[in-house]
Each structure stands twice: as C-alpha cells, then as structure tokens.
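Read through the structure below, which is laid out as structure tokens, and then see the notes.
The values are calculated or read from the model by the stated rules, or taken from the named source; none is laboratory data. Just so it is clear, the model here is predicted, and its values are computed rather than measured. Virtual Cβ from ideal backbone geometry, glycine too; neighbours counted across all protein chains shown. Quick note on the areas: whole protein, heavy atoms, side chains included, nothing else; ligands and nucleic acids left out. Shrake-Rupley method; radii C 1.70, N 1.55, O 1.52, S 1.80 Å.
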Amino acid sequence: MPLKRPKAEPNPSSTSSDAVLRPSAKRRKSDVDPGTLHSRKVYILDAKLKPDEVAELVSLVDKAGAILVSEAKESEIVITAVGMRKRLERHIDWSVAKSKALVTPNWLRDSVQQGHALPCGTYAALASLHDTTAANCPTESDSDQDESSAQLSPPTSTPSEAKSSPSRANKEVEPAHIPENLLPPRVPLKTTPDLDHTVRFSCQRTSSLVCPNQELCEQLDVVRKLRELEGEERSSLSYRRAVASIKSYPRQLSKCDREEIARLPNIGTKISKMVLEYLENGNINEVEKIKASERYNALVLFASIYGIGPSTARNLYARGLRNLRDLEAFYEVNGPPVEGIEGPQSVEMDIQIALGLRAELAIKIPREEVELIHRTIMNELEVVQPGCVSMIVGGYRRGKSESNDVDIVFTHPDASKAIGLCTKLVRRLHEQGMVTHVMHLSSFHAHNALRTTHWDSLEKSLTVFRPPIPNPTRRRVDLIFALPETYWTAVVGWTGSTMFERDLRSVAKLQGMKFDSSGITRRHDSTLFYPRTEKEVFDMFGLPWIDPTLRNADA
Ligand code: ATP
Ligand code: MG
Ligand code: MN
C-alpha cells in the first residue's frame with residue numbers, strides 16, 4: 001500500500017508525544033469549581049436535545065455558577081446540538097448567532113469536568129461560525145488562550161459513560177435534515193441477553209471487550225500471532241476461532257469444566273489440551289516458550305511497522321536483523337532526509353517514513369481524543385460539504401478505552417454529494433496542516449461481486465493526522481466514505497472485530513450471499529441489497545442483533 005508524504009513537515013519535538021496525554025496542572029482538578037463559568041449567561045437551545053440531556057445541561061449550568069437565560073440574544077454562550085445553519089435559523093436569528101459563542105453540549109460537559117471554562121473554538125457547533133464562536137468566547141479567548149487549556153481531558157479522569165458513548169459522540173455533528181434511516185435508532189436496540197454461546201459463528205454470539213476468561217484468550221492469541229507471522233494461515237485461523245469461542249463463554253472456566261470445554265465450538269484436541277493446561281497451571285508451556293523467543297519478538301516488532309507484513313518481517317529476520325536499531329540502520333532512517341521527496345515512492349521509502357512515525361503512532365488514543373478528532377474533522381467536512389452524516393466505528397465503537405487508530409465512516413444523504421468527498425476532505429485537512437501523510441487513497445469502484453478478497457470498494461483514505469491542539473501526537477485516522485445506500489454495511493464492516501466480520505462473511509456465503517463494507521450481493525444473479533438500517537444487515541442474514549460492544553470476538 002503506498003504511503004505518500006504530501007509534503008515536508010516540521011519535526012515535532014521529541015518530548016511532544018506524551019505531552020498531550022498528560023493533563024495540565026489545572027486539568028487535574030477533579031472537583032468542579034463553583035465558579036467555573038461565574039455568572040456567564042448561557043442559553044440552551046433544546047432543539048435536537050432529548051429532555052434528559054436538557055436536564056443534564058441545565059444542572060451543569062447551575063453547577064458551574066452560570067446564569068441560564070431564556071432568550072438567545074440575552075446570552076453570551078449558546079449551547080446547541082444543531083449543526084446546520086438552516087435549522088439553527090428556525091430558532092435563532094443569524095445576526096444574533098454570529099454575535100455569540102455557539103458551542104456543542106460537550107463544551108459545557110468538558111468545562112465542568114475540568115473545572116474551568118475551555119476555549120470555544122474546537123467546540124464550535126457550526127463550522128461556519130467557528131471564528132465568531134472563538135472570538136465571542138467569553139472565557140479565555142481562543143487566540144490568546146493558555147494553550148494547555150485546549151488540550152484534552154486527562155486520560156486518568158473518569159468521564160461519564162454517557163459522554164463517551166458512541167451515540168452521544170456521533171450525535172452532535174449530525175446535520176438536521178438527514179433522513180431518519182441514516183441516524184442511529186433513537187432508542188438503542190437491545191441484544192438478547194442469553195444468546196447460545198455454543199453456536200458456530202461469532203456473529204451469532206455475544207463477545208464482550210473483556211471476557212471472564214480474558215487472560216486465557218490473550219495466551220492463546222500469542223500462538224495465533226506467531227502462526228500468522230510464520231505465514232501459517234490455517235493454523236492461525238484455528239487459534240483465532242478458538243479464542244472467539246472462549247470470548248463468548250459466559251463464566252470463568254475451571255479445570256473441572258472438561259465437558260463444557262468439549263462443547264465449545266471450534267476447539268480441537270490440541271487447543272483444548274492447552275486450555276486445560278492453562279486451567280491447571282495458570283500458564284501454557286508453549287506460550288511461555290514463544291514469548292521468550294527472540295524470533296517471535298523480532299517478528300512482532302518488525303510487523304508493527306506499517307508496510308511490513310509477515311513475509312517481509314521473516315525476510316528481515318533471515319538477513320540477521322533483530323531489533324529496532326537494526327531496522328533503522330537497514331532502512332537508513334537517520335540517513336538521507338526524506339522531506340520533500342515527490343512522486344511515486346518505493347516500498348522502502350514508505351517503511352522509512354513509517355519507522356520514523358513508529359514511536360508516535362504506538363501511543364494509544366483515549367476516547368476523549370477520538371471524539372475530539374471526530375469533531376474536528378466534521379467541522380472541516382462541514383466547510384467542504386455541509387450536511388454529511390458520520391459515525392466513529394472500529395474499536396472505539398466496540399467500547400475500547402484506548403484505540404490504535406480512529407475509524408470514521410461518512411456519507412451524505414445526497415449520493416451525488418458523497419462522490420469524491422474523500423479526496424476533497426483529505427485535501428482540506430492537508431491544507432489545514434492536519435493530515436500529514438496519506439497511506440492509501442482509493443475512489444469508488446463499481447461493486448464487484450467476483451472479488452475474492454474481503455477488502456471493500458469504498459472510497460477511503462488511511463491518514464496520519466495531527467490534531468490541532470498544543471503538542472499534538474500524530475494519530476492514524478481512517479476516513480471511509482460510503483454512498484448513502486452503503487452507509488450501514490460500511491458501519492457494520494468497519495466496526496469489527498476482525499473475527500466477527502470474517503464470520504459475518506461466512507454466514508453470508510452459506511446463504512449464497514456476499515457481505516462486505518460496500519454492500520451485500522446475491523451471488524447467483526449479482527443482485528445488490530442495501531439495508532436501510534444497521535439492524536437490517538443482521539436481519540438480512542437471520543442473525544440476532546448484537547450490540548457493537550458485544551462484537552469483540554478477537555482477544
Ligand atoms: P484498533 O484500531 O484499536 O487497533 P480496531 O478494531 O479499530 O482496533 P482497525 O484495524 O482500525 O482495528 O479496524 C477496524 C475494523 O475495520 C476491522 O475490524 C476490520 O473489520 C475493518 N477494516 C480494517 N481495514 C479495512 C479495510 N481496508 N477494508 C475493509 N475493512 C477494514
Ligand atoms: Mg481502529
Ligand atoms: Mn483502522
């Protein structure tokens with residue numbers, strides 16, 4: 001996959017990467033200052049807010065010592081979930097709106113949580129009012145702010161579940177006029193609590209992020225990883241399947257559970273022996289050996305570099321490379337500067353860049369930052385093409401507290417406006433200095449029922465993103481653009497986990513269908529199906545609804 005470097009970029013200081021993860025002294029405050037917003041006049045526009053959200057915001061206004069006013073024009077700060085000018089103008093005069101700071105509800109939540117009023121710019125409810133919002137921010141002005149105040153909340157803080165819930169995070173950027181079927185359901189769907197854990201496919205079962213036998217799953221996953229790195233696909237898949245079966249088992253296993261283990265799907269004699277060994281001794285001899293082996297550790301390290309797959313990793317090992325220093329010397333990371341190199345680049349060059357970014361990209365992304373990145377990108381997208389819909393998918397949507405990257409699926413209700421958007425957005429983000437590298441840019445292809453790989457034909461861009469905050473850590477951000485009719489297959493396909501997706505494709509295949517992120521095809525006549533909601537994807541294959549947080553079929 002080509003990894004293009006759009007242009008030379010400034011070198012971040014070496015200390016910058018963890019700075020963003022460290023709260024400023026101010027931010028460590030866990031208690032709310034009674035005067036967070038001391039006598040500031042706040043108006044809450046209740047359009048698009050649920051009654052309980054309005055109640056929550058009103059109580060936050062009180063907590064912060066601000067004054068709730070009943071008319072937007074009397075306020076200094078307007079809190080609103082409305083993201084579109086047209087919709088806003090139904091409630092507030094445009095001239096009034098331009099004279100206030102118009103922020104999303106998260107501005108209030110974050111300000112109260114952090115014990116001081118945050119700058120408004122990043123929280124601008126409408127991208128087109130970003131500048132006036134920043135200028136009218138009655139707190140620390142965005143321009144002369146204490147830079148640290150634009151940082152994220154500390155990872156050690158415990159933001160309320162509600163604040164970090166995917167639906168809340170995705171909601172504030174939804175435009176007002178989008179068709180109901182592109183919105184998440186108003187009332188979250190419930191997963192049947194006691195689905196049979198012995199069924200064959202992981203997409204028919206529930207798998208929580210951390211399961212009662214988590215450590216056992218992680219041990220078996222070491223063997224899975226080694227087999228994968230050694231190119232032993234079939235064996236690796238057996239371990240992946242076994243792990244997925246144990247992930248769905250509802251109780252902690254003990255050594256007396258021989259029969260239970262025998263009933264689990266996808267666990268043969270060899271792996272069940274390992275399971276019993278773990279239950280007897282608390283560890284598995286083979287796993288201990290693998291973890292201690294130089295080869296395994298070197299292969300894991302090499303393959304962690306974007307662009308190095310298992311077979312390159314093995315080649316590097318065969319050439320005698322063992323550690324990061326060897327790798328850097330091999331690819332001359334500290335050799336000739338790579339800045340400013342234009343045009344097609346060799347795989348080696350991609351790897352050279354990826355190696356240079358390795359340390360930064362290895363830092364995990366807390367949920368709050370995932371949300372900030374999403375909000376920032378949506379503000380830019382609103383400038384490029386107003387009215388888009390989006391959802392954060394990937395591990396974030398499955399409930400991970402920290403992610404390796406940010407995955408966002410977008411669409412526009414009007415298909416003609418969705419086409420070509422990926423390129424436009426990435427160009428804009430690059431111009432704004434936010435996208436520093438693009439790893440892969442594809443455009444819409446006709447859906448091809450004959451493709452054999454599971455990679456979809458959606459328009460997507462795998463980027464390296466620099467959040468517009470002080471001392472940013474660069475992050476991997478995957479931007480996936482779907483046409484409105486493939487939005488829900490894209491959401492399902494990019495929510496994961498990997499094994500869940502694999503089994504979904506297997507279930508589809510058994511029914512003579514083909515599932516991927518860009519649509520569902522009936523194999524015999526290539527008829528395309530476009531589910532109108534996420535649940536319809538499950539219904540179509542006769543699968544029970546599984547909440548995204550219960551799709552963690554991988555270790
Ligand atoms: P984390 O990012 O924290 O490592 P994740 O589950 O989000 O965890 P990703 O690699 O970001 O992992 O992938 C998210 C999901 O998107 C995967 O489960 C996979 O199903 C899907 N996916 C990833 N890459 C592609 C791709 N190129 N085409 C189609 N689907 C993909
Ligand atoms: Mg991800
Ligand atoms: Mn991703």
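Of a type in the set (F, W, Y) and modelled with pLDDT under 90: does that describe F444? Working first, answer last.
Details: of a type in the set (F, W, Y): yes; modelled with pLDDT under 90: yes.
Yes: the conditions hold for F444.
Quick grid of which residues meet (1) within 24 Å of K400 (Cβ to Cβ); (2) open to solvent by less than 30 Å² (accessible area, probe 1.4 Å); (3) not in a loop (DSSP other than H, G, I, E, B):
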residue: I178; (1), (2), (3): no, yes, no
residue: N181; (1), (2), (3): no, no, yes
residue: P184; (1), (2), (3): yes, no, no
residue: T191; (1), (2), (3): yes, yes, no
residue: E215; (1), (2), (3): yes, no, yes
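Mind listing whichever residues of region 384-410 are in a strand (DSSP E or B) and near ligand 2 (Cβ under 9 Å from one of its atoms)?
Going residue by residue through region 384-410, those that are in a strand (DSSP E or B) are 389-392, 402-403, 405-410.
If the condition is that a residue be in a strand (DSSP E or B) and near ligand 2 (Cβ under 9 Å from one of its atoms), then S403, D405, V406, D407 are the ones that fit.
Could you please find all residues in region 544-555 being in a loop (DSSP other than H, G, I, E, B) and not acidic (D, E)?
P544, W545, I546, N552, A553, A555
Would you point out the residue of region 409-425, among those that are crowded, with 21+ Cβ neighbours inside 10 Å and away from ligand 1 (no atom under 16 Å from the Cβ), that is nearest to the chain's Cα centre (by Cα)? Let's see the steps before the verdict.
So in region 409-425, the residues crowded, with 21+ Cβ neighbours inside 10 Å come out as 409-412, 418, 422, 425.
Restricting the remaining residues to those that are away from ligand 1 (no atom under 16 Å from the Cβ) gives 412, 418, 425.
Values: H412: 20, A418: 21, L425: 18 Å.
Of everything passing the filter in region 409-425, L425 is nearest to the chain's Cα centre (by Cα).
Picking from V384, V389, V406, which residue would you name as being touching a residue at least 12 places away in the same chain (Cβ under 8 Å) and either within 14 Å of ligand 3 (Cβ to nearest atom) or crowded, with 24+ Cβ neighbours inside 10 Å (or both)? Break it down into steps so the answer makes sense when it comes.
Working: V384 fails: either within 14 Å of ligand 3 (Cβ to nearest atom) or crowded, with 24+ Cβ neighbours inside 10 Å (or both); V389 fails: either within 14 Å of ligand 3 (Cβ to nearest atom) or crowded, with 24+ Cβ neighbours inside 10 Å (or both).
Unique residue meeting the criteria: V406.
Counting just the residues of region 326-360 that are open to solvent by 40 Å² or more (accessible area, probe 1.4 Å) and within 25 Å of S403 (Cβ to Cβ), which one comes out modelled with the lowest pLDDT?
Step by step, filter region 326-360, then rank; the result is G356.
So which helices (runs of 4 or more DSSP H) are wholly in region 1-117 and hold at least 3 residues that are more than 27 Å from the chain's Cα centre (by Cα) and modelled with pLDDT of 85 or more? Please lay out each step first, then the result.
Values: elements: 16-19, 51-63, 85-89, 94-98, 105-114.
Passing ranges, in order: 51-63, 85-89, 94-98.
Given the structure, is A313 of a type in the set (G, A, S), under 24 Å from S506 (Cβ atoms) and either touching an Asp or Glu at 6+ places or on another chain (Cβ under 8 Å) or outside the structural domain of D503 (by TED's automatic domain parsing) (or both)?
Values: of a type in the set (G, A, S): yes; under 24 Å from S506 (Cβ atoms): no; either touching an Asp or Glu at 6+ places or on another chain (Cβ under 8 Å) or outside the structural domain of D503 (by TED's automatic domain parsing) (or both): yes.
So A313 does not fit the description; no.
So which helices (runs of 4 or more DSSP H) are wholly in region 468-543 and hold at least 1 residues that are over 17 Å from the mean Cα position of the chain (by Cα) and surrounded by fewer than 19 Cβ atoms within 10 Å (Cβ to Cβ)? Write out each step before concluding.
Details: elements: 487-495, 498-510, 534-540.
Because the criterion is at least 1 residues that are over 17 Å from the mean Cα position of the chain (by Cα) and surrounded by fewer than 19 Cβ atoms within 10 Å (Cβ to Cβ), the helices (runs of 4 or more DSSP H) in region 468-543 that meet it are 498-510, 534-540.
So, R263, is that one at pLDDT below 95, open to solvent by 60 Å² or more (accessible area, probe 1.4 Å) and not β-branched (V, I, T) or not? Steps first, please.
Values: at pLDDT below 95: yes; open to solvent by 60 Å² or more (accessible area, probe 1.4 Å): yes; not β-branched (V, I, T): yes.
Answer is yes for this residue.
Kindly indicate whether any position in region 288-306 is open to solvent by 50 Å² or more (accessible area, probe 1.4 Å), under 15 Å from L355 (Cβ atoms) and within 32 Å of the chain's Cα centre (by Cα).
Looking for residues that are open to solvent by 50 Å² or more (accessible area, probe 1.4 Å), under 15 Å from L355 (Cβ atoms) and within 32 Å of the chain's Cα centre (by Cα), one finds at least one in region 288-306, hence yes.
When G493 is evaluated against the numbered criteria (1) within 16 Å of ligand 2 (Cβ to nearest atom); (2) touching a residue at least 40 places away in the same chain (Cβ under 8 Å); (3) closer than 21 Å to N181 by Cα, which criterion, by number, is the only one it fails?
(2)
Got a number for residues in region 72-89 being over 23 Å from L381 (Cα atoms) and surrounded by fewer than 16 Cβ atoms within 10 Å (Cβ to Cβ)?
Here is the first cut: in region 72-89, the ones over 23 Å from L381 (Cα atoms) are 72-77.
With the extra rule that they be surrounded by fewer than 16 Cβ atoms within 10 Å (Cβ to Cβ), the set shrinks to 73-74.
Qualifying residue count for the region: 2.
Find the residue count for region 234-259, including only residues that are open to solvent by less than 30 Å² (accessible area, probe 1.4 Å) and either outside the structural domain of K273 (by TED's automatic domain parsing) or hydrophobic (A, V, I, L, M, F, W, C) (or both). Talk me through it step by step, then tell me what you get.
Of all residues in region 234-259, those open to solvent by less than 30 Å² (accessible area, probe 1.4 Å) come to 236, 239, 242-249, 253.
Within this subset, residues satisfying the condition of being either outside the structural domain of K273 (by TED's automatic domain parsing) or hydrophobic (A, V, I, L, M, F, W, C) (or both) are 242-244, 246, 253.
Qualifying residue count for the region: 5.
Give all pairs with beta carbons closer than 9 Å in which a residue from region 35-52 that is in the same structural domain as I67 (by TED's automatic domain parsing) meets a residue that is in a helix (DSSP H, G or I) and open to solvent by 80 Å² or more (accessible area, probe 1.4 Å); count only pairs at least 6 apart in sequence or on separate chains.
Here the result reads T36/K63; K41/E74; Y43/K73; Y43/E74, each pair linking region 35-52 to a residue that is in a helix (DSSP H, G or I) and open to solvent by 80 Å² or more (accessible area, probe 1.4 Å).
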